[in-house]
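Notes to accompany the following structure.
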Amino acid sequence: MNLILLGAPGAGKGTQAEILKEKLAIPTISTGNILREAVKNETPLGLEAKGYMESGKLVPDALVISIIEERLTKDDCKNGFILDGFPRTIPQAEALQEGGVRIDKALEIAVSDDVIIARLSGRRVCSGCGAPYHMISCPPPADNICPKCGAEIITRKDDLPETIKHRLDVYHEQTEPLKGFYGDQGKLAVVNGENGIEETTRLALEALGV
Ligand code: AP5
């Protein structure tokens with residue numbers, strides 16, 4: 001299955017991507033995680049992306065399109081993949097289509113803006129593997145060390161209140177039109193993402209028919 005996860009920042013795309021990749025036995029490709037890794041390692045890509053990311057803006061289409069084009073050629077994508085955070089604009093979706101990449105389903109995790117703000121304010125992430133935690137719904141260990149990889153658990157720089165608001169504006173303006181793009185192709189499925197992680201997974205699997 002070639003799957004796209006759609007949804008506002010903090011809707012739970014990364015959380016569900018980690019769960020679904022085990023259940024479907026296909027890799028997750030997160031442009032956010034790839035870009036954060038590049039920023040951490042101060043690569044040319046990271047240096048270019050850093051300012052956009054920290055201020056809650058989208059990184060230019062050409063940069064992320066080339067990351068995805070390259071990643072999708074790897075062997076582990078042959079049986080399918082989950083795209084988390086890509087496409088994020090209509091030109092990115094068109095680039096996938098023009099590149100001949102078949103998409104089976106675009107699954108939107110629907111969450112209201114109020115819930116998003118509460119979630120992102122409480123979010124913590126592993127600085128090593130990117131695993132998401134939340135101070136209330138999925139608390140990190142007391143020592144702030146990730147049980148999955150041993151790296152430190154931190155607050156993302158773009159999870160500051162004013163940046164969260166800006167990211168939501170960018171989402172409504174530039175990413176939400178993708179619902180129409182995939183809806184018109186009969187590929188959009190929408191699940192309620194406000195009822196806890198396990199319930200969202202249950203609804204997602206039901207919507208995917210697996
Ligand atoms: P990216 O990393 O993709 O960030 P995002 O879309 O803003 O999404 P988030 O990672 O913030 O949220 P999420 O939906 O994955 O939620 P999560 O599972 O963590 O992108 C970051 C930046 O990179 C962008 O701003 C942009 O600059 C750049 N970028 C990336 N891709 C790009 C692209 N294609 N084009 C251009 N620029 C790009 O969950 C959030 C919190 O809620 C967690 O704490 C989690 O534990 C908790 N939680 C999750 N689900 C539930 C639930 N059901 N109930 C209760 N709590 C829950």
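Structural remarks
- Positions within the stretch 38-89 being part of a helix (DSSP H, G or I), surrounded by 15 or more Cβ atoms within 10 Å (Cβ to Cβ), in contact (Cβ under 8 Å) with a residue 24 or more places away in the chain and within 10 Å of the ligand (Cβ to nearest atom), in sequence order: M53, D61, V64, I65, I67, I68
- Some residue of the stretch 13-23 being more than 11 Å from the ligand (Cβ to nearest atom), farther than 24 Å from D169 by Cβ, among the hydrophobic types (A, V, I, L, M, F, W, C) and in contact with a Leu (Cβ under 9 Å, 6 or more places away or on another chain): yes
- Any hit, the stretch 119-134, residues being of a type in the set (G, A, S) and farther than 27 Å from E54 by Cα: no
- Picking from residues in the stretch 169-193 that are closer than 20 Å to A17 by Cα and out of contact with any strand residue (DSSP E or B) (no Cβ under 8 Å at 6 or more places or on another chain), the one that is farthest from the ligand (Cβ to nearest atom) is E176.
- For the stretch 117-141, the tally of residues that are in a helix (DSSP H, G or I) and either more than 8 Å from the ligand (Cβ to nearest atom) or without any contact (Cβ under 8 Å) to a residue 60 or more places away in the chain (or both) stands at 4.
- Filter pass, K157 being over 29 Å from L188 (Cβ atoms), among the basic types (K, R) and within 13 Å of the ligand (Cβ to nearest atom): yes
- Among the residues making up the stretch 8-17, those that are open to solvent by less than 10 Å² (accessible area, probe 1.4 Å) and part of a loop (DSSP other than H, G, I, E, B) are A8, A11.
The values are calculated or read from the model by the stated rules, or taken from the named source; none is laboratory data. Just so we're clear, the structure is a prediction, and the values are computed from it rather than from any experiment. Positions of Cβ are backbone-derived with ideal geometry, glycine not excepted, and every protein chain shown enters the neighbour counts. Quick note on the areas: whole protein, heavy atoms, side chains included, nothing else; ligands and nucleic acids left out. Shrake-Rupley method; radii C 1.70, N 1.55, O 1.52, S 1.80 Å.
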